[in-house]
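The values are calculated or read from the model by the stated rules, or taken from the named source; none is laboratory data. Just so you know, these numbers come straight off a predicted model, no measurement behind them. Because the Cβ atoms are built from the backbone with ideal geometry, glycine has one as well, and the counts that use them run over all protein chains shown. The accessibility values were calculated without ligands, DNA or RNA, using every heavy atom of the protein model including side chains. Shrake-Rupley method; radii C 1.70, N 1.55, O 1.52, S 1.80 Å.
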Amino acid sequence: MRILITGGAGFIGSHLCDRYLAEGHEVIAMDNLSTGSTDNIAHLAGQPRFSFIKHNVTNYIYVAGPLDMVLHLASLPSPVDYLNFPIQTLKVGALGTHNTLGLALAKHARFLLASTSEVYGDPLVHPQDETYWGNVNPVGPRGVYDESKRFAEALTMAYHRYHGVDTRIVRIFNTYGPRMRADDGRVVPNFICQALRGEPLTVYGDGSRTRSFGYVDDLVEGIVRLMATDVEGPVNLGNPIELTILEFARLTLKVTGSKSEIVFINPTDERTADDPKQRCPDITKAKKLLGWEPRVPVEEGLRKTADYFRVKLGLA
Ligand code: UDP
């Protein structure tokens, strides 16, 4: 197959490039490098079946030749990024999704939208299954991300219903692993880098909020399976093992062997506005339709991620 991956130089996108290349396909990575990095795909330079196009998907997309699949992962996925770049976040979810869907239509390609657990907002149903419509504040600071992804889902289904585009939607829950940015502001890189540097781990609030952390290899496996099926509606992919942020901080200290202390802070900026109190995927649908469930235990995944950051931070 010939596959286009937008956000291909990003954290998850670059792992998908690796996977599809390993399976013998031709992969074109597209990225504007705003949060992605050529470091993530440097090892692919010179691969005859790999190419890179630097392009912002909010502008018209031209790709020569046929495409079998378009996987749309371009986005500003960390709360710090989308608070810093709110309008770009809305544009990539809206215009970027429109352009990539238009491309998939023109090429008769199968399309994947990388959506998010954030479509459930601060959920009133727990754990969240795909039938839950969510609890999102459209005018809050997080609304730029949540609503852009909700719009992207609606647009994807409209292209499916009106134009017959063969579409898939994956709702990605908190995912971590090598190639996350050390400074992206999310809890996994923050805690691991703080632990490795011997700095205090910054728990926001009282640490009772919950998240469920999935390792990137498991997510990639789920996406590849989803693309190989005919499941058109949204599918949750995430690890249903739920931890409080305080538990996660303690686990990070254990895995890294760090002596850092844990501090509780209340950021005065908008980082924690509308911060969901709990989040955990119901993965019944993925289990049933894809035969998928996470395989990598969180301690093992965290160890691999810590190894990556040790090298990145020059501490190895
Ligand atoms: N968080 C924290 N300390 C940090 C970074 C994040 O306590 O240094 C919290 C944050 O308030 C949220 C959770 O960890 O409750 C997960 O945040 P993240 O930004 O990783 O992703 P989100 O799931 O909110 O998109």
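Just a few scattered comments:
- Just one residue in the set 12, 53, 5 is within 25 Å of residue 166 (Cα to Cα) and open to solvent by less than 10 Å² (accessible area, probe 1.4 Å); that residue is 5.
- Whichever residue in segment 175-203 is among the aliphatic types (A, V, I, L, M) and open to solvent by less than 30 Å² (accessible area, probe 1.4 Å) and, among such residues, is farthest from residue 37 (Cα to Cα): 203
- Selection status of residue 60, surrounded by 20 or more Cβ atoms within 10 Å (Cβ to Cβ) and either within 16 Å of the ligand (Cβ to nearest atom) or farther than 30 Å from residue 289 by Cα (or both): no
- Of all residues in segment 265-302, those that are in contact with a helix residue (DSSP H, G or I) (Cβ under 8 Å, 6 or more places away or on another chain) and surrounded by fewer than 13 Cβ atoms within 10 Å (Cβ to Cβ) total 5.
- Whichever residue in segment 240-249 is surrounded by 16 or more Cβ atoms within 10 Å (Cβ to Cβ) and either of a type outside the set (Val, Ile, Thr) or touching a residue at least 60 places away in the same chain (Cβ under 8 Å) (or both) and, among such residues, is nearest to residue 160 (Cα to Cα): 240
- Total residues in segment 151-174 satisfying the condition of being among the hydroxyl-bearing types (Ser, Thr, Tyr) and open to solvent by 20 Å² or more (accessible area, probe 1.4 Å): the figure is 2.
- Among residues of segment 204-239 being part of a helix (DSSP H, G or I) and within 16 Å of the ligand (Cβ to nearest atom), the one that is surrounded by the fewest Cβ atoms within 10 Å (Cβ to Cβ) is 216.
- From 48, 77, residue being away from the ligand (no atom under 16 Å from the Cβ), part of a loop (DSSP other than H, G, I, E, B) and farther than 20 Å from residue 163 by Cα: 48
- Test result for residue 190, in contact with a Lys or Arg (Cβ under 6 Å, 6 or more places away or on another chain) and at pLDDT 95 or above: no
- Members of segment 159-197 that are more than 20 Å from residue 251 (Cα to Cα), of a type outside the set (Lys, Arg) and part of a helix (DSSP H, G or I): 159, 160, 162, 163
- Qualifying residue in segment 55-62 (condition: free of Cβ contacts under 8 Å to residues at least 12 places away in the same chain, more than 16 Å from the chain's Cα centre (by Cα) and over 30 Å from residue 204 (Cα atoms)): yes
- Of the criteria (1) touching a residue at least 60 places away in the same chain (Cβ under 8 Å); (2) within 27 Å of residue 113 (Cα to Cα), which one residue 261 fails: (2)
- Comparison of 195, 182, 273, 286 shows that the only residue that is farther than 22 Å from residue 301 by Cβ and small (Gly, Ala, Ser) is 273.
- Being in a loop (DSSP other than H, G, I, E, B) and in contact (Cβ under 8 Å) with a residue 24 or more places away in the chain is a description that does not apply to residue 13.
- Candidates in segment 138-150 are the residues that are out of contact with any helix residue (DSSP H, G or I) (no Cβ under 6 Å at 6 or more places or on another chain) and open to solvent by 30 Å² or more (accessible area, probe 1.4 Å); of these, the one that is farthest from residue 289 (Cα to Cα) is 139.
- Residue among 101, 90, 73, 67 that is at pLDDT 95 or above and open to solvent by 60 Å² or more (accessible area, probe 1.4 Å): 90
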